[in-house]
Amino acid sequence: MAVQALTYAGPATPALHGAWGSWYFDPVTVVIVIAAAAAYLAGVRRVGRGGTRWPVGRTVAFLGPGLGGLIVITMASPAVYARVLFSIHAVQLIVLLMVVPFLLALGRPIALAQAALPERAGRRFEAILHSRYARFVTVPVVSPLLLAVVPIAIYFTPLYTLTLTNPVAASVSRVLLLLFGLVVLIPLWEAGTINVHVPYALALFFSLIELLADAVPGIVLRLDTHPIAASYYAALPHVWGQTLLGDQHLGADLLWCIGEAIDVPVLALLIIQWIRSDARDAASVDLALDRAAVEEATRRRERAATPAERAAADAESEDGLARPWWESDASVFGDRADAFRRRR
């Protein structure tokens with residue numbers, strides 16, 4: 001053991017007091033963090049010059065827990081020990097896939113871009129958001145299944161060993177994990193901003209399926225009696241820690257438990273967005289029906305030939321505006337709803 005300790009080339013035994021002593025430089029992460037922070041701050045400054053005050057909490061969430069969490073998970077101790085411990089790699093994957101994207105989404109980057117971009121660039125950005133390809137991404141029906149498919153694609157294919165042995169592949173995989181997480185969470189968080197017409201019942205159904213499917217990688221790895229990437233780990237000298245299979249079982253437990261725990265806020269967010277979407281639709285219908293009632297009353301007054309008919313039309317208009325529309329039309333499938341659909 002003493003000889004192994006002298007020749008050991010890996011990181012030291014992990015300890016809480018020295019957790020910040022190990023760092024791994026990832027140039028891809030550095031570029032992403034600098035570019036994202038610069039773009040976000042430029043957007044905040046441009047919005048401020050236009051007379052609108054961007055909420056400080058969103059800026060703090062994006063720059064602090066969002067980008068700060070990305071730095072920690074990709075370049076601090078988790079990145080160092082993820083190369084030698086499966087359990088740490090599993091935590092890194094879950095954080096990159098679900099935690100960091102959620103923290104970045106709290107900053108509302110889509111809403112900031114819409115408010116900060118110049119008119120011409122803003123129109124192009126809106127065209128991209130409402131394009132056919134973006135519509136497939138922004139409707140959270142199939143995209144939540146990515147949260148279950150991605151761990152399977154990594155841990156049950158040669159991709160896992162490739163990311164351990166090839167720094168370029170490791171950087172690319174981390175970027176893709178972050179992008180997949182953003183694709184899933186930003187449409188949920190900014191559904192009102194990007195005007196996503198989500199079939200929420202179907203989205204909730206798929207999310208529940210994802211909640212079950214998300215447990216599959218952890219369960220399979222927990223029941224497996226042979227460590228994955230065994231040749232890679234066998235080539236590493238081990239002078240601390242538990243056995244390879246024991247570490248894999250620990251990582252599988254973390255992958256399962258943390259993934260399921262994070263799915264609960266995602267489901268709650270989906271339900272909240274469903275409620276907000278119904279409220280927006282109801283307000284839009286009410287506004288359109290009220291406008292239709294005003295226009296109809298105006299036309300009746302214009303068609304009135306005598307002062308008595310005009311007075312009657314005014315009284316009917318005032319009476320109609322004073323009462324809720326559903327008192328005169330109890331069914332949303334009535335004549336007024338048909339008029340609303342034609343106007344849309």
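Some points to look at:
- What the Cβ-Cβ distance of residue 231 and residue 23 gives, at R0 = 22 Å and to the nearest 0.05, is a FRET efficiency of 0.20.
- A simple rule links phi to the HN-Hα coupling: the Karplus curve 6.51 cos²θ - 1.76 cosθ + 1.60 with θ = phi - 60°, which for the stretch 182-187 gives 5, 4, 7, 8, 5, x Hz, with x for Gly and Pro.
- Distance (nanometres) between label positions extended 7 Å along Cα→Cβ at residue 183 and residue 257: 3.1
- Förster radius 41 Å - calculated FRET efficiency between residue 245 and residue 123, Cβ distance, rounded to 0.05: 0.15
- Per-pair calculated FRET efficiency, R0 = 30 Å: residue 132 and residue 216 via Cβ, rounded to 0.05: 0.40
- Amide H partners (placed H, <5 Å) of residue 107, local residues excluded: 62
- Backbone phi angles across the stretch 288-293, fed through the Karplus curve with coefficients 6.51, -1.76 and 1.60 (θ = phi - 60°), yield HN-Hα couplings of 5, 5, 5, 5, 5, 5 Hz in residue order; Gly and Pro are listed as x.
- Calculated from backbone phi, Karplus (6.51, -1.76, 1.60) coupling profile of the stretch 261-268 in Hz, x at Gly/Pro: 5, 6, 5, 5, x, 5, 5, 4
- Modelled spin labels at residue 290 and residue 176, positioned 7 Å past Cα toward Cβ, are 5.1 nm from each other.
- Each other residue within a Cβ distance under 13 Å of residue 252 adds +1 if Lys or Arg and -1 if Asp or Glu, for a net charge of -4.
- Stretched out straight at 0.36 nm per residue, the stretch from residue 264 to residue 282 would grow longer than its current Cα-Cα span by 3.7 nm.
Laboratory data are not the source of any read-out in this text; all were calculated from the coordinates shown. All figures in this text were calculated on a predicted structure; none of them were measured in a lab. Heads up, the Cβs are rebuilt from the backbone with ideal geometry, glycines too, and the neighbour counts pull from every protein chain shown.
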